[in-house]
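Report on the following structure.
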Amino acid sequence: MPRWARGWPEALKARAARYALQRWLGPFLEEPLRLEQLGLDLRGGTGTLRELRLRAAAVDELLAGAGAPLELREGCIGAVTVTVPWAALGTEPVRLRLSHLRLVLRPRE
């Protein structure tokens, strides 16, 4: 766990994490993040977001910019789990796991 977060109460850590995640991911989500969707274990280096509905137009804009031949019509993610190896950051990978990913795609016109 990073030194800056050691003395913080758990509720404050969760609110700070939700604020940061909402700021970065908010444009790509249909609804604002709720604390109930967030699971944190900073000491263990894991965080999970559950039941995310994607804002199709925002995600599709990224796909179009990358030249993807498919267009996103609808999408949702059951859970996203990130594992950060605090003790070996920079030498071990940060892991991202998606579960129950559902995307409705169609060929780009």
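The values are calculated or read from the model by the stated rules, or taken from the named source; none is laboratory data. Here the structure is a predicted model, which is why all the values come from computation and not from measurement. Note that each Cβ is placed from the backbone with ideal geometry, even for glycine, and that neighbours are counted across all protein chains shown. What goes into the accessible areas is simple: the full protein's heavy atoms, side chains included, and nothing from ligands, DNA or RNA. Shrake-Rupley method; radii C 1.70, N 1.55, O 1.52, S 1.80 Å.
Miscellaneous remarks
- Residues that are in contact with a Leu (Cβ under 8 Å, 6 or more places away or on another chain) and either loosely packed, with under 11 Cβ neighbours inside 10 Å or not hydrophobic (A, V, I, L, M, F, W, C) (or both), drawn from the stretch 51-69: Arg53, Arg55, Asp60
- Note on the stretch 17-109: enclosed strands (runs of 3 or more DSSP E) holding 2 or more residues that are under 12 Å from the mean Cα position of the chain (by Cα) and aliphatic (A, V, I, L, M) are 46-53, 70-83, 95-107.
- From the list Trp8, Trp4, Trp86, Trp24, the lone residue that is modelled with pLDDT of 90 or more and open to solvent by 60 Å² or more (accessible area, probe 1.4 Å) is Trp24.
- Matching residues, the stretch 89-109, being touching a Gly at 6+ places or on another chain (Cβ under 6 Å) and open to solvent by 70 Å² or more (accessible area, probe 1.4 Å): His100, Leu103
- Filtered residue count, the stretch 27-41, keeping only those that are in contact with a helix residue (DSSP H, G or I) (Cβ under 7 Å, 6 or more places away or on another chain) and open to solvent by 40 Å² or more (accessible area, probe 1.4 Å): 5
- Residue match in the stretch 42-50 (condition: open to solvent by 90 Å² or more (accessible area, probe 1.4 Å), touching a residue at least 24 places away in the same chain (Cβ under 8 Å) and of a type outside the set (Val, Ile, Thr)): yes
- Being touching a strand residue (DSSP E or B) at 6+ places or on another chain (Cβ under 7 Å), within 30 Å of Ala11 (Cα to Cα) and of a type outside the set (D, E, K, R) is a property that Leu63 lacks.
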